[in-house]
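Have a look at the structure below before the remarks.
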Amino acid sequence: MKLSTRGEYGLRAMFDLALRYGAGPISLKSISERQDISSNYLEQLISVLRKSGLVKSVRGSQGGYFLGKKPADITVGDIIRVLEGPIAPVDCVSEDQTDLCHRAESCIARSVWKKVKDSINEVIDSITLEDMIQESENVKNNNPTHFI
């Protein structure tokens, strides 16, 4: 299973906002420059994140975007699911799959895929933006010449 750039770039943008939490609205242009994401693409991602409530916006010359919740209250899983949809390595274990194949109840491979899905969900739901901030501080303190 591989995430698209929606999930990858969306997580980077949310991390950027988390680093600046409480500093007021942040412009898309500044996020775009720091994270090396096209402004047009970032605008599309932020629009989806705003509709979900993970991001809020303020209009005007001093406007911009900020997190809709505290960094400790937003998980990587929240962000990925908003941008990518349900996390599942195959369709038959996806939350939004309503049409199971005739072998679903006895399929041993399906049980493997369910375990993979559950493990991925457990990991992404256990990491918050606050955790990522703390990890970035650890990286910065251990290697001050290299920072994300």
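The values are calculated or read from the model by the stated rules, or taken from the named source; none is laboratory data. The model shown is predicted, which means the values in this text are computed figures rather than measured ones. Glycine also receives a Cβ, built like all others from the backbone with ideal geometry; neighbour counts cover every protein chain displayed.
Highlighted here are the helices (runs of 4 or more DSSP H) found entirely within region 1-111 that include at least 2 residues which are aromatic (Phe, Trp, Tyr) and within 26 Å of residue 135 (Cβ to Cβ): 5-19. Taking the criterion of being basic (Lys, Arg) and in contact with a Phe, Trp or Tyr (Cβ under 8 Å, 6 or more places away or on another chain), the residues of region 42-70 that qualify are 50, 56, 70.
Of the residues in region 38-62, how many are under 17 Å from residue 21 (Cβ atoms) and surrounded by fewer than 17 Cβ atoms within 10 Å (Cβ to Cβ)? Give the steps one after another, and end with the answer.
Of region 38-62, the ones under 17 Å from residue 21 (Cβ atoms) are 46, 49-50, 53-58.
Next cut, surrounded by fewer than 17 Cβ atoms within 10 Å (Cβ to Cβ) only: 50, 53, 56-58.
Count: 5.
Only one of the numbered conditions (1) more than 14 Å from residue 10 (Cβ to Cβ); (2) at pLDDT 95 or above is not met by residue 61, and that is (2).
Working only within region 76-108, note down all residues that are exposed (fewer than 11 other Cβ atoms within 10 Å of the Cβ) and more than 26 Å from residue 13 (Cβ to Cβ). Working first, answer last.
So in region 76-108, the residues exposed (fewer than 11 other Cβ atoms within 10 Å of the Cβ) come out as 96, 98-99, 102, 105-106, 108.
Listed by number, the residues that qualify are 98, 99, 102, 105, 106, 108.
Does residue 11 satisfy being closer than 22 Å to residue 120 by Cβ, modelled with pLDDT of 95 or more and in contact with a Lys or Arg (Cβ under 8 Å, 6 or more places away or on another chain)? Working first, answer last.
Numbers: closer than 22 Å to residue 120 by Cβ: yes; modelled with pLDDT of 95 or more: yes; in contact with a Lys or Arg (Cβ under 8 Å, 6 or more places away or on another chain): no.
The answer is no for residue 11.
Do you know which of the residues in region 1-37 that are surrounded by 13 or more Cβ atoms within 10 Å (Cβ to Cβ) and of a type in the set (Asp, Glu) is nearest to residue 118 (Cα to Cα)? The residue in question is 8.
Just the residues that are in contact (Cβ under 8 Å) with a residue 12 or more places away in the chain and charged (D, E, K, R), please, taken from region 2-19.
Step one: of region 2-19, the residues in contact (Cβ under 8 Å) with a residue 12 or more places away in the chain are 3-7, 9-19.
Within region 2-19, 6, 12, 16 meet the criteria.
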